[in-house]
Structures are given as C-alpha cells and as structure tokens.
Amino acid sequence: MATPPPVRERAGAAMRLWIDLFDEHRILTNASAISFQALKALVPLALFGIALLAVRVNVTQRNVPGARVQRADARALPFADGSFAVVTMVTVLSSLRSRAQRQRVLSEVARVTAPGGAVVVYEPRVPNPFNHRTALVRRGEAPAVGLQTHSSQTLTVIPPLARRLGRLTPKGYGLLARVPLLRTHRLSVLGHIAPSP
C-alpha cells in the first residue's frame, strides 16, 4: 500500500525543515527501496543507506538508480563523526529486541549526526499483537545517549483498517487519521542535547 498523501507531506515537511539548515545535505537512512524512493521524491539530496542484509542492499540498488547503499550494522556505523545532516530510521529500533541494542544504535546515530542535525525516527507507538518479533520502543530511550525530542506526532491509521479502505483511501484515510486512538505510529525528530552552560 502506498503512503497516503497527508503522511508523505508531513514527513517531507519535517525533513525539509532540518535539511534547509545545511549547506551539504547528506542523509543516512535504513536501506529499503521504498524508503529510498520516498526520500528521493521528497528531498532529492545526497542520500546514503545501510542495510544489514545483502538482499536489501541489492534490491535497493536495482530499484533505485544511483542509490549509495552498503551493507552495514547500525550498531557500528562505518561513517565518521558528524557525517550527516539527517539520519532517518524507519522501524529500525522496534526490530531490535533488547534495550541495550537499541541504545547502541541510538548512540551510533547520535555520533554520525552533525551538530545541529536531526534524527528522524518512525516507530510503532502501540504494541502489535500480530507481530511479536517487534519491540515497543519507549520515548525515554533517546536521552540516555544524548538525544532529545524536538517534535513528535502520531501518524499511520491502524494498518489493517487502512488497507480495507480500498478506493475510499483518498478521503477516508484523512478522516480516520483525525482520531488519535487510530494512529499507531509516531514520527519524532530528535537532536543532540545542548551542553549545560
């Protein structure tokens, strides 16, 4: 199912807000053909990606011409400190079972994010009873590695409900998205915690 226009617009606005602050616009994202295509459409800048699985790297390179994707583990990013204006993570943290693994990823992401840069995180905000392999990520995990939340909003109508809309999606999705209890995911923009004076 394609991302509904209101979600694309809000995500694009959040990305452009932070990217406009940088002269050299470098973005790091978890690599999937879908996230690469979406980011390229929203913000056509220097886009880099990583994926743990070689098959994801191959699919992204095949489906997104010019994609700069490499196989890497987010717990040990192969980039220098402060390399990226923006780092995006789409359901990365919820795929890690332990808090220690999530903390390691957040620490690495904080390291490669430039001072004043942004970390854009999209994760479920409610448990998924149909997928026990995902972990619920608590909002308090980022400050432990020196990141703070600048903005946060709930998104994404309950996916099984949204899929049932069919041809009514253009109008129906927007109406359902107005009901906070029906929004299952959170889009947060994080940044480095400023040092105390």
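Read the figures in this text as sums done on the coordinates, not as results from a lab. Please read all numbers here as calculations on a predicted model, not as lab measurements. We place every Cβ from the backbone using ideal geometry, glycine too, and count neighbours over all the protein chains shown.
What the table shows:
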| item | result |
| --- | --- |
| Residue list for the stretch 69-84, restricted to those being over 10 Å from residue 50 (Cβ atoms) and out of contact with any helix residue (DSSP H, G or I) (no Cβ under 6 Å at 6 or more places or on another chain) | 76, 80, 82 |
| Per-region count, the stretch 161-176, residues without any contact (Cβ under 8 Å) to a residue 24 or more places away in the chain and in a helix (DSSP H, G or I) | 8 |
| Residue 113 vs. criteria of a type outside the set (A, V, I, L, M, F, W, C) and buried (at least 17 other Cβ atoms within 10 Å of the Cβ) | yes |
| Selection within the stretch 156-179 - of a type in the set (Ser, Thr, Tyr) and closer than 16 Å to residue 125 by Cα | 156 |
| Candidates 84, 79 - the one that is in contact with a Lys or Arg (Cβ under 7 Å, 6 or more places away or on another chain) and aromatic (Phe, Trp, Tyr) | 84 |
| Residue in the stretch 183-193 that is over 17 Å from residue 128 (Cα atoms), surrounded by fewer than 12 Cβ atoms within 10 Å (Cβ to Cβ) and either of a type in the set (S, T, N, Q) or in contact with a Gly (Cβ under 9 Å, 6 or more places away or on another chain) (or both) present | no |
| Residue in the stretch 84-110 that is surrounded by the most Cβ atoms within 10 Å (Cβ to Cβ), counting only those that are within 24 Å of residue 180 (Cα to Cα) and among the β-branched types (Val, Ile, Thr) | 88 |
